[in-house]
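The values are calculated or read from the model by the stated rules, or taken from the named source; none is laboratory data. Note that the coordinates shown come from a computational prediction; the quantities given were computed from them, not determined experimentally. Heads up, the Cβs are rebuilt from the backbone with ideal geometry, glycines too, and the neighbour counts pull from every protein chain shown. Ligands, DNA and RNA are stripped out before the accessible areas are found, and what is left, the full protein with its side chains, is counted by its heavy atoms. Shrake-Rupley method; radii C 1.70, N 1.55, O 1.52, S 1.80 Å.
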Amino acid sequence: MSRNTADVSPGSQPSLKDDHAFFGHPRGLLTLSGLEVWERFSFLGMQAILVLYFADTVAHGGLGMSAGTAASVSAAYGTLVYLVSVGGGWLADRILGSYRAVLSGGVLIACGHYSMAVPTATMTWVGLGLISAGTGLLKPNVATMVGKLYATDDDRRDAGFALYYMAINIGAFAGPLITGWLGDHQGWHWGFSAAAVGMTLGLVQYVTGRRRLAGRRHGAEFALAPDAMRRAIRLIVAGIAATALIATSLAVVGWLTMGRFVDLLTLLSVIAPVVYFAVMFTSPRVTAEERGRLRPYVVLFLASTVFNLILFQAYSTMMLLAASNAETTILGFDFPASWYASALGAFEVGLAPVVAALWVRMGRSQPHASNKIALGVVLGGLSFLLMALPTSGHGSDDYLMSAWWIVGSYLLLGLGDILLETSGMSATTKLAPAAFSSQTMSLWFLSLALANGIQAQTVKLFDDVSKPAYFGVNGAIAVAAGLAVMAAAPWLRRTMHPVH
């Protein structure tokens with residue numbers, strides 16, 4: 001049965017269009033949103049303090065990196081997370097199935113956070129590796145499962161993704177509050193411990209609500225033949241072991257430094273999407289009609305890359321700026337610098353239901369997905385152009401800007417994120433070739449890998465150029481990219497059928 005209609009067996013559950021139990025949406029949306037609440041709580045809670053932990057002095061429990069290096073390594077970690085998502089999508093489509101891929105990913109993420117709770121540098125790197133592998137399994141597949149809750153012609157789809165995004169940003173709001181306070185008052189590894197507990201709660205919620213998931217299968221929808229599957233598993237295990245051995249050997253002899261590892265990840269982040277698009281365009285499993293829908297998807301992919309180059313700096317350069325040059329007091333209340341990251345989640349929680357209600361009210365007269373994405377990119381650029389104002393006109397780096405500048409920047413960034421990510425993920429589930437359903441969502445996450453890979457290089461300039469120039473150039477590039485997508489809107493509307 002086509003993945004784009006209703007991935008359910010006859011008699012196994014009611015029609016998707018008849019399921020309105022969760023605020024007018026299928027009940028499975030509650031289960032998947034609940035999982036993502038805790039996954040974002042743990043991931044972004046940890047991300048909010050990670051760059052500060054890297055940049056803190058060794059005497060204070062940090063790793064003693066410079067600001068530029070800390071931001072670069074943090075971005076490289078993000079690159080690794082989303083690069084692994086390609087393997088996560090393939091494993092779901094060909095071996096594990098979406099449900100088991102998400103479950104396995106959640107277990108690895110929890111183990112990674114528990115590892116980071118151990119106060120040693122070695123366990124920090126072990127934990128980041130486990131979280132990268134787990135997130136690569138979980139993120140693309142849980143988003144794909146949300147898409148399976150709706151038929152392709154169901155007008156609730158974009159609104160459903162908006163509600164899903166609102167729910168997960170509850171975790172994005174709460175995570176930095178808890179981990180930030182613990183990191184500031186008890187130590188960085190106490191903050192990582194809170195992230196571990198959060199992911200464990202998410203797993204419990206996911207397993208107990210599994211009956212609500214549309215089309216849940218015990219195996220993959222496009223599984224390999226048994227012999228091919230056994231060969232693939234052996235190759236995967238051998239490949240992981242060989243990679244670990246080679247990397248360890250190169251590190252021991254001094255060739256694989258942190259800088260070279262970051263550069264290698266950036267190179268992979270560029271190569272991977274090029275190769276993946278080439279595979280999908282040439283695959284005999286992809287029909288001519290599906291191939292036609294992939295062409296406009298390249299434009300959406302690039303738009304996502306530009307926007308996320310801005311968004312991810314909310315947890316790197318913006319955190320460093322907040323820690324050194326922004327007030328950490330609002331209305332007489334003192335707070336850790338990492339709490340600024342919660343503002344982004346708070347705005348997305350508050351704005352997502354407004355956006356969802358607007359799309360439902362407008363129905364088929366709502367803006368085309370490409371225009372929503374383009375506007376999101378423009379707003380992301382404006383959020384950085386705004387930061388060029390309070391950072392201008394200072395002869396030294398000891399100034400403190402008002403907290404409201406960063407809050408305002410995060411407001412623009414949060415609205416842009418809602419518009420781009422919800423429309424982008426929704427369009428991905430519609431444009432995906434049937435044989436590459438989970439893997440196409442992985443391709444969407446490769447745009448995040450590419451954004452992080454580019455960021456890993458650009459943030460190295462954070463210490464070397466003026467702050468107005470840094471934020472101004474980044475912001476101007478994003479605004480220009482968004483306007484370019486708007487200019488391409490007529491072609492995108494013609495070629496993105498059935499996306500509207």
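So, in the stretch 477-495, how many residues would count as being of a type in the set (Gly, Ala, Ser) and open to solvent by 50 Å² or more (accessible area, probe 1.4 Å)?
Narrowing the stretch 477-495 to residues of a type in the set (Gly, Ala, Ser): 478, 480-482, 484, 487-489.
Still in the list and also open to solvent by 50 Å² or more (accessible area, probe 1.4 Å): 480, 484, 487.
Going through the stretch 477-495 one residue at a time, the tally reaches 3.
Criterion first (more than 26 Å from residue 292 (Cβ to Cβ), open to solvent by 50 Å² or more (accessible area, probe 1.4 Å), in contact (Cβ under 8 Å) with a residue 60 or more places away in the chain and part of a helix (DSSP H, G or I)) does residue 347 satisfy it?
yes
Kindly check whether there is at least one residue in the stretch 326-338 that is aliphatic (A, V, I, L, M), touching a Ser or Thr at 6+ places or on another chain (Cβ under 9 Å), at pLDDT 85 or above and part of a helix (DSSP H, G or I).
No.
Since residue 184 meets every condition but one in (1) in a helix (DSSP H, G or I); (2) farther than 30 Å from residue 25 by Cβ; (3) modelled with pLDDT of 85 or more; (4) not hydroxyl-bearing (Ser, Thr, Tyr), which condition does it not meet?
If we test residue 184 against (1) in a helix (DSSP H, G or I); (2) farther than 30 Å from residue 25 by Cβ; (3) modelled with pLDDT of 85 or more; (4) not hydroxyl-bearing (Ser, Thr, Tyr), just (3) comes out false.
Just give me the residues in the stretch 127-157 being open to solvent by 20 Å² or more (accessible area, probe 1.4 Å) and over 24 Å from residue 90 (Cα atoms), in sequence order.
Those that are open to solvent by 20 Å² or more (accessible area, probe 1.4 Å) and over 24 Å from residue 90 (Cα atoms): 153, 155, 156.
Pull up the stretch 274-288, narrow it to residues that are in contact with a helix residue (DSSP H, G or I) (Cβ under 8 Å, 6 or more places away or on another chain) and among the aliphatic types (A, V, I, L, M), then point me to the one that is surrounded by the most Cβ atoms within 10 Å (Cβ to Cβ).
Among them, the one singled out is 280.
Working only within the stretch 396-412, note down all residues that are of a type in the set (A, V, I, L, M) and in contact with a Leu (Cβ under 6 Å, 6 or more places away or on another chain).
412
Pick from the stretch 166-181 the residues that are among the hydrophobic types (A, V, I, L, M, F, W, C), open to solvent by less than 40 Å² (accessible area, probe 1.4 Å) and under 19 Å from residue 25 (Cβ atoms): which of them is nearest to the chain's Cα centre (by Cα)?
Filtering the stretch 166-181 for residues among the hydrophobic types (A, V, I, L, M, F, W, C) gives 166-168, 170, 172-174, 177-178, 181.
Checking which are open to solvent by less than 40 Å² (accessible area, probe 1.4 Å) leaves us with 167-168, 172, 174.
Then drop every residue that is not under 19 Å from residue 25 (Cβ atoms), which leaves 167-168.
Working: 167: 14, 168: 11 Å.
In this case the residue turns out to be 168.
State which residue pairs qualify: first residue farther than 11 Å from residue 311 by Cα and inside the stretch 415-431, second residue open to solvent by 10 Å² or more (accessible area, probe 1.4 Å) and among the charged types (D, E, K, R) in any location, beta carbons under 7 Å apart, and separation of 6 or more residues or different chains.
So the pair list comes out as 422/158; 423/158; 426/158; 431/293.
Would you say residue 200 is surrounded by fewer than 24 Cβ atoms within 10 Å (Cβ to Cβ), modelled with pLDDT of 75 or more and farther than 26 Å from residue 120 by Cα?
The answer is no for residue 200.
Taking the options 268, 264, name whichever one is among the aliphatic types (A, V, I, L, M), in a helix (DSSP H, G or I) and touching a helix residue (DSSP H, G or I) at 6+ places or on another chain (Cβ under 7 Å).
Step by step, each of 268, 264 is checked, and only 268 is among the aliphatic types (A, V, I, L, M), in a helix (DSSP H, G or I) and touching a helix residue (DSSP H, G or I) at 6+ places or on another chain (Cβ under 7 Å).
Where residues in the stretch 364-377 are in a helix (DSSP H, G or I) and open to solvent by 20 Å² or more (accessible area, probe 1.4 Å), which of them is modelled with the highest pLDDT?
Among those that are in a helix (DSSP H, G or I) and open to solvent by 20 Å² or more (accessible area, probe 1.4 Å), it is 375.
Which one of these is over 16 Å from residue 421 (Cα atoms) and either touching a residue at least 24 places away in the same chain (Cβ under 8 Å) or hydroxyl-bearing (Ser, Thr, Tyr) (or both): 182, 203, 163?
Just a single option satisfies the conditions, and that option is 203.
Which condition from (1) open to solvent by less than 60 Å² (accessible area, probe 1.4 Å); (2) closer than 30 Å to residue 304 by Cα is the one that residue 271 breaks?
(1)
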